[in-house]
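The values are calculated or read from the model by the stated rules, or taken from the named source; none is laboratory data. Bear in mind that the values here come from a model prediction, so they are computed numbers and not experimental data. Positions of Cβ are backbone-derived with ideal geometry, glycine not excepted, and every protein chain shown enters the neighbour counts.
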Amino acid sequence: MSIRQNLEKIRQEIPDNVTLVAVSKTMPVSAIREAYDTGQRHFGENRVQELILKQPQLPDDILWHMIGHLQTNKVKYIISFVHLIHSVDSWKLMQVIDREAGKLHKIQDCLFEMHIAEEESKFGFAYEELLDILREEEWKNLQNIRWRGVMGMATFTDDIPRVKREFGKLKEIFHTLSRDFFMQEDNFSEISMGMSGDYQAAIAEGSTIVRIGTKIFGTRH
């Protein structure tokens, strides 16, 4: 199946209120352009080096999503054009994004990356860790970030009940944060969860953004 056919099939499977992010990591610019030509505008990249190489070669109306781990010293390279940063996982990173966005007089949309997988993972806030930061209220001084919601990755497994349990946990975290800290914020509305292997389970659990790569572009080389 072609990229066009893959995209058309997936679009039929996901509701209109769910944003499809085509994960284009390791894929050539030609493959991204093929997806773009079918009307796809949201693309996700995992590595800053790849993103800054591809972005200038592609149309300006692409909405780039940074979905991989973001090091603080790399923020400055993408802040001018990135649409949504999914992977905010530390207080230090929050401060750097705020500072770099401020230099450009930009309000940067961001998600809190939560560690929801029952397996060990290097990245993502532990729930209590994020609560401690939000209770301190110093985060409210970050004038150049707009918090849009949460992101999480389920365990890489065929155990669908386990995956659904982890997605359910993220949805619960989203609702708690929404109620306790973002009640006045209409923008706090996104739950980014679900990839090629589990996006249907994620949508069933309330995902508003799915990040799909292999099912669109084929196996990565």
Any hit, segment 103-113, residues being touching a helix residue (DSSP H, G or I) at 6+ places or on another chain (Cβ under 7 Å), modelled with pLDDT under 95 and at negative phi: no
Only one of Phe43, Phe81 that is modelled with pLDDT of 95 or more, aromatic (Phe, Trp, Tyr) and surrounded by 19 or more Cβ atoms within 10 Å (Cβ to Cβ): Phe43
Output for segment 144-196, where each listed residue is farther than 19 Å from His86 by Cβ, in contact with a helix residue (DSSP H, G or I) (Cβ under 7 Å, 6 or more places away or on another chain) and not in a helix (DSSP H, G or I): Thr157
Looking only at segment 181-218, and only at residues there that are in contact (Cβ under 8 Å) with a residue 40 or more places away in the chain and of a type in the set (Asp, Glu), the one that is surrounded by the most Cβ atoms within 10 Å (Cβ to Cβ): Asp198
Check on Lys25, in contact with an Asp or Glu (Cβ under 9 Å, 6 or more places away or on another chain), more than 24 Å from Ser189 (Cα to Cα) and touching a residue at least 40 places away in the same chain (Cβ under 8 Å): yes
Top-ranked residue in segment 141-162 [being under 12 Å from Glu190 (Cβ atoms) and of a type outside the set (A, V, I, L, M, F, W, C); ranked as surrounded by the most Cβ atoms within 10 Å (Cβ to Cβ)]: Gly152
Count of residues meeting criterion [in contact with a Leu (Cβ under 7 Å, 6 or more places away or on another chain), closer than 18 Å to Arg47 by Cβ and of a type outside the set (A, V, I, L, M)] in segment 78-102: 4
Evaluation of Thr72 against (1) at pLDDT 95 or above; (2) buried (at least 16 other Cβ atoms within 10 Å of the Cβ); (3) among the β-branched types (Val, Ile, Thr) (one fails), failing number: (2)
Verdict on Glu119 being in a loop (DSSP other than H, G, I, E, B) and over 15 Å from the mean Cα position of the chain (by Cα): yes
